[in-house]
Amino acid sequence: MLKINDIHKSFGKNEILKGVDLSIDKGDVVVILGPSGSGKTTLLRCINFLERADSGNATFGDLQVNLHDASKKDIHAIRQKTAFVFQNYNLFNNKTAIENVTEGLIIGRKIPKADAIAIGKKALDKVGLSDKYDSYPSQLSGGQQQRVGIARAVALNPDIILFDEPTSALDPELVGEVLTVMKNIANEGTTMLVVTHEMSFAKDVASHVIFMDGGVVVEEGSSHDIFVSPKEERTKKFLKRVLPEDYTFYI
Amino acid sequence: MSEGLNYTFLIDTFFVALSGVPITLFVTIVALLVALPLGFLLALTRINQVPVLNWFSRIYVSFVRGTPIIIQIFIVYASVPLILSLFFNRYNININVYDINPIWYAFIVFSFSTTAILIEVFRSALSTVNKGQLEAAQSVGLSNFQAYRRIIIPQALVVAMPNICTATVNLIKATSLGYAMSLQEITLKAKVAANAGYNYVEAYIDIFLVYIILCSLVEYGFKLYEKRLRRYKYASA
């Protein structure tokens, strides 16, 4: 459904992405792992044109675009098919939870207001915030804000949701509620591309795991392939660092 | 020689000064109507580093900010008629430049100077809105224009409001310099009234009072509006 070919991106002289390929089918939950600075977030941002890639192609269903010189129309079309969940939530501070969710529906997708509100309430119910419709982001905890962020993405009913380290800015005790919501929507068959440092999520939920380092895909496979029998030395080293010492025991 | 203040004159002149308020407000409002959109657009050119325009606004701001308004008034009041009369002579337009109402010069001077101030006000206010707000808006399918109108400007405005209020109050006070180009505003009217009997102290007290009442009312209005704008920040659960 989504195919990325040979994507390159540099910031100044610093080459972040050195030719990454990616392929996602409908219903996949693809998790990208890797150390900081490996280009995971940049890859995600280039897919949604929050950064402009230097080169590369994307095939999105029957839509084919060049990631470097896509037209405004193409960018709009891709954004209609995707939704993005940000590390820092990026909720609209001047809008209530329900307005955050309906904004893209009413303004971006021209859905009638009453329908949008019904969709928005359903999305907020799904993430367990049925009592927070009219709260402003300043009145919500980090975990609640991120759940609104996920509801905002889910409500758009996109072909794929891109998650950029959705739990990295959260207090440890709030991570669980967000991961639970993500697991639930994954189980509903939502196609997801997730950059995360949550190994448990990758192990339990991912249908496909990609390990990136230094701007390239080092290794990819099922979560079992990556976590139990990694082939590349870099992958092994990384897993040793991020997993508990007795991880062999866990598995 | 009478002792103390001439209270009758004090009270009469208060109303004379008050009769200058409409002109003062008219100049203020016209200047704001020009400066608010222009200042906002030029602030955008600075934030987005638009070539040429970005440089223009930077130089413009330092020129206007770096010169006293009274000098700007003298320059406009002296040079614009010269330029106009050259222009009119050349194209045989039969208008006497010295019949032009000085309010037009006031519009020009105060619009220009307020624009410079508001460029900086908007630039600082816009930079307080996190870049993520724009990205989030784009990611849910809003155009840049929609994102600015619905998400970014409402948030920037809250930050800008106290400074816009200051700029407005400063502008009201600055219009008192309009007397230098015989603009019929508060200061000029009271001063003229004082000329006849040398009651300057009374006239200055009246001017003082009129400005402080006017500016307090404007400040109060801004405060109410600001409170409404920022309710999302302190809303109780």
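The values are calculated or read from the model by the stated rules, or taken from the named source; none is laboratory data. Since the structure is predicted, the reported quantities are computational estimates derived from the model, not experimental observations. Ideal geometry is used to build each Cβ from the backbone, glycine not excepted, and the neighbour counts take in all protein chains shown. Just so you know, the surface numbers come from the protein's heavy atoms only, side chains and all, with ligands and any DNA or RNA stripped out. Shrake-Rupley method; radii C 1.70, N 1.55, O 1.52, S 1.80 Å.
Points to keep in mind about this one:
Listed here are the residues, each with its yes/no results for (1) acidic (Asp, Glu); (2) in a helix (DSSP H, G or I).
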| position | (1), (2) |
| --- | --- |
| B:141 | no, no |
| B:164 | no, yes |
| B:184 | no, no |
| B:188 | no, yes |
| B:192 | no, yes |
| B:206 | yes, yes |
| B:211 | no, yes |
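- Among the residues of region B:182-237, those that are within 14 Å of another protein chain (Cβ to nearest Cβ) and either open to solvent by less than 40 Å² (accessible area, probe 1.4 Å) or among the hydrophobic types (A, V, I, L, M, F, W, C) (or both) comprise B:226, B:229, B:232, B:235, B:237.
- Selection from region A:74-93 of residues that are in contact (Cβ under 8 Å) with a residue 40 or more places away in the chain, open to solvent by 10 Å² or more (accessible area, probe 1.4 Å) and out of contact with any Gly (no Cβ under 8 Å at 6 or more places or on another chain): A:87, A:93
- Residue under evaluation residue A:162, criteria (1) surrounded by fewer than 22 Cβ atoms within 10 Å (Cβ to Cβ); (2) within 12 Å of chain B (Cβ to nearest Cβ), criterion not met: (1)
- Listed by first and then second residue, the pairs linking a residue in region A:115-132 that is without any contact (Cβ under 8 Å) to a residue 12 or more places away in the chain to a residue that is open to solvent by 50 Å² or more (accessible area, probe 1.4 Å) and of a type in the set (S, T, N, Q), with Cβ atoms under 7 Å apart and 6 or more places separating them unless they lie on different chains, form an empty list.
- Residue selection: residue B:142 satisfies the criterion of being buried (at least 21 other Cβ atoms within 10 Å of the Cβ) and not aromatic (Phe, Trp, Tyr).
To keep it simple, each residue is scored yes or no on (1) farther than 27 Å from residue B:25 by Cβ; (2) among the β-branched types (Val, Ile, Thr); (3) surrounded by 19 or more Cβ atoms within 10 Å (Cβ to Cβ); (4) within 14 Å of chain A (Cβ to nearest Cβ).
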residue: B:92; (1), (2), (3), (4): yes, no, no, no
residue: B:104; (1), (2), (3), (4): no, no, no, no
residue: B:108; (1), (2), (3), (4): no, yes, no, no
residue: B:119; (1), (2), (3), (4): no, yes, yes, no
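- Meets criteria (closer than 20 Å to residue A:191 by Cα and of a type in the set (Asp, Glu)) for residue A:6: no
- Restricted to strands (runs of 3 or more DSSP E) entirely inside region A:1-99, those with at least 2 residues that are within 14 Å of chain B (Cβ to nearest Cβ) are A:82-85.
- Test: residue in region B:38-49 that is part of a loop (DSSP other than H, G, I, E, B) and open to solvent by less than 40 Å² (accessible area, probe 1.4 Å): no
- On the stretch given as region A:146-163, residues that are in a loop (DSSP other than H, G, I, E, B) and in contact (Cβ under 8 Å) with a residue 40 or more places away in the chain total 3.
- Each residue in region B:133-166 was checked for being closer than 17 Å to residue B:37 by Cα, facing chain A (nearest Cβ under 9 Å) and touching an Asp or Glu at 6+ places or on another chain (Cβ under 8 Å), and 2 pass.
- Any hit, region A:127-136, residues being hydrophobic (A, V, I, L, M, F, W, C), surrounded by 19 or more Cβ atoms within 10 Å (Cβ to Cβ) and in a helix (DSSP H, G or I): no
- Of everything listed in (1) under 30 Å from residue B:208 (Cα atoms); (2) buried (at least 18 other Cβ atoms within 10 Å of the Cβ), the single unmet condition for residue B:170 is (2).
- Extreme residue, surrounded by the most Cβ atoms within 10 Å (Cβ to Cβ), among residues of region A:100-115 that are within 7 Å of chain B (Cβ to nearest Cβ) and more than 19 Å from the chain's Cα centre (by Cα): A:103
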